[in-house]
Amino acid sequence: MTGMPLEGVRIFDLTRILAGPTCTQYLGDLGADVIKIERPDQGDDTRKWGPPYVKGHDGEDTTESAYYLCANRNKRSVTINLASEEGQALARRMIKECDILVENFKVGGLKAYGLSYEDLKEENPSLIYCSITGFGQTGPYAPRAGYDFLAQGLGGIMSITGTPGVEPVKVGVGIADVMCGMYASTAILAALRHRDRTGEGQHIDCCLLDTQVAWLINEGVNYLVSGKVPQPRGNEHPNIVPYKVFECADGHVILAVGNDGQYRKWCDFAGADDLAADPRFETNSKRVMNREDLYAAMPAYMKQKTVSEWVDGLASRGVPCSPVNNIKQVFEDPQVQARGMRIDLPHPTAGEGTVPLIANPVKMSGTPVQYRHAPPTLGQHTEEVLQELLGMDETEINALGDSGATTVKD
């Protein structure tokens, strides 16, 4: 590994589930050495979040779930029993050799192990310590356990997602988790820049609820400016019209008209001269105010062409239009394939020899992402890391295994 932007940066990763692992996977993709600390014999909770699981050499399920695979590449797994004094001492020794600690224990949870920021900062003044929780380190909800689903509900996104008149609907993936991981990774990089200039570490406090409120984006500010509570609009946009899914001759397409010029181009391609000339629809502001009338008139035109006719015809005119792909179609899409968004990495348990993963979306010309490690098996790198970081020999490592501080492979 050479020439990566975070080469030489080491992370002590005490996270599991999705938000924290998303954060550390991204940093690992950029070259950081991520040491994933897991509970002996159990590991990350998501290892058991299946099926599906990777199929082994015998064609049967292994212990490696697809969910775990999605957020744990470019890491090395070390097992430490933090409930034991020996495990706590081992963790503190390893943290001294690290630049960053990322954790997602409940607020105060690591205090019991002597591993809170307050416990570590004097001995490790340059340590960047990032805590990821459901509700943050302060406030009345701080002690509560938090999951993505709760953050989506409490943070408002479910109130504007889905079809009007039906039960609230969450986003189809753990988006509050993923976005929290991304915000945390950005904060860590900023703190790293500050540390490199001043030598000072710091504590970063990121949580799912704050993240969810932050990415309400325009709908949140729509409310703050107008005082009107946004409502679910299905696939419609609150501030742009036409912008929704339409049924066409052989399926559905997304039409996302972002300006008046694009609207006129749609009218021309659709043969909708009457809609182009109607003063109710001549500007976006007027189309927003008269959306019901426009949306009542457009289906007759949309049903006259096929998906491919709409997508190809409008694309050539600079009007945003897209099919609604299922996930199989996503990975068959020529643009997704051209961008290399599926990768396959060697994995010791996989019967096919590799596991399929989703690539990092960032393309860097000078320091491209490198995929050095498949998501590790539980404790796969314990001996390797202890030898490398702490200079331990086989006798010392076996003694730690005998004490219950870690697990050592036979």
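Scanning the stretch 58-81 for residues that are touching a residue at least 12 places away in the same chain (Cβ under 8 Å) and open to solvent by 20 Å² or more (accessible area, probe 1.4 Å) yields Asp58, Gly59, Thr62, Thr63, Ala66, Tyr67, Cys70, Asn81. Just one residue in the set Ile100, Ile160 is hydrophobic (A, V, I, L, M, F, W, C), under 30 Å from His373 (Cα atoms) and crowded, with 16+ Cβ neighbours inside 10 Å; that residue is Ile100. Just a yes or no: is a residue in the stretch 102-121 more than 30 Å from Pro140 (Cα to Cα) and part of a loop (DSSP other than H, G, I, E, B)? Looking for residues that are more than 30 Å from Pro140 (Cα to Cα) and part of a loop (DSSP other than H, G, I, E, B), one finds none in the stretch 102-121, hence no. Across the stretch 22-35, the number of residues qualifying as open to solvent by less than 10 Å² (accessible area, probe 1.4 Å) and either over 16 Å from Tyr371 (Cβ atoms) or among the aromatic types (Phe, Trp, Tyr) (or both) comes to 2.
The conditions of being touching a helix residue (DSSP H, G or I) at 6+ places or on another chain (Cβ under 9 Å) and either of a type in the set (Ser, Thr, Tyr) or touching a residue at least 60 places away in the same chain (Cβ under 8 Å) (or both) are met by Pro323. Residues in the stretch 332-343: is at least one in contact with a Pro (Cβ under 8 Å, 6 or more places away or on another chain) and of a type in the set (A, V, I, L, M)? Yes - at least one qualifying residue is present in the stretch 332-343. Scanning the stretch 133-151 turns up one or more residues that are of a type in the set (A, V, I, L, M, F, W, C) and touching a strand residue (DSSP E or B) at 6+ places or on another chain (Cβ under 6 Å). Remark: pairs (first residue in the stretch 139-157, within 15 Å of Cys180 (Cβ to Cβ) and in contact (Cβ under 8 Å) with a residue 24 or more places away in the chain; second residue buried (at least 18 other Cβ atoms within 10 Å of the Cβ) and among the β-branched types (Val, Ile, Thr); Cβ separation under 7 Å; 6+ apart in sequence or on different chains) = Gly146/Thr133. Tallying residues that are of a type in the set (A, V, I, L, M) and either part of a loop (DSSP other than H, G, I, E, B) or at pLDDT below 95 (or both) within the stretch 122-134 yields 1. Taking the criterion of being farther than 29 Å from Ile95 by Cα and of a type outside the set (A, V, I, L, M), the residues of the stretch 50-67 that qualify are Gly50, Pro51, Pro52, Tyr53, Lys55, Gly56, His57, Asp58, Gly59, Glu60, Asp61, Thr62.
When Leu14 is tested against the conditions (1) under 19 Å from the mean Cα position of the chain (by Cα); (2) open to solvent by 10 Å² or more (accessible area, probe 1.4 Å), the lone failure is (2). For the structure I just gave you, tell me whether Glu383 is farther than 30 Å from Tyr243 by Cα, more than 24 Å from the chain's Cα centre (by Cα) and not basic (Lys, Arg). The answer is yes for Glu383. Which residues, taken from the stretch 270-285, are touching a Leu at 6+ places or on another chain (Cβ under 9 Å) and open to solvent by 40 Å² or more (accessible area, probe 1.4 Å)? Result: Arg280, single match. Of all helices (runs of 4 or more DSSP H) completely enclosed by the stretch 135-235, which ones contain at least 2 residues that are at pLDDT 95 or above and closer than 24 Å to Ile17 by Cα? Hits in the stretch 135-235: 148-154, 175-198, 208-214. Total residues in the stretch 278-304 satisfying the condition of being closer than 13 Å to Leu255 by Cβ and among the aromatic types (Phe, Trp, Tyr): the figure is 2. Among the residues of the stretch 234-263, those identified as surrounded by fewer than 18 Cβ atoms within 10 Å (Cβ to Cβ) and farther than 26 Å from Asn222 by Cβ are Glu247, Ala249, Asp250, Gly251, His252.
Annotation: of all residues in the stretch 190-200 being within 20 Å of Gly31 (Cβ to Cβ) and touching a residue at least 24 places away in the same chain (Cβ under 8 Å), the one that is surrounded by the most Cβ atoms within 10 Å (Cβ to Cβ) is Ala191. Considering (1) over 30 Å from Glu86 (Cβ atoms); (2) open to solvent by 80 Å² or more (accessible area, probe 1.4 Å), the lone condition that Pro143 does not fulfil carries the number (1).
Count, please, the residues in the stretch 176-189 that happen to be buried (at least 24 other Cβ atoms within 10 Å of the Cβ) and touching a Leu at 6+ places or on another chain (Cβ under 8 Å).
Going through the stretch 176-189 one residue at a time, the tally reaches 5.
The values are calculated or read from the model by the stated rules, or taken from the named source; none is laboratory data. The structure displayed is predicted, hence computed values, not measured ones. Glycine also receives a Cβ, built like all others from the backbone with ideal geometry; neighbour counts cover every protein chain displayed. Side chains included, ligands, DNA and RNA excluded: accessible areas come from the protein's heavy atoms. Shrake-Rupley method; radii C 1.70, N 1.55, O 1.52, S 1.80 Å.
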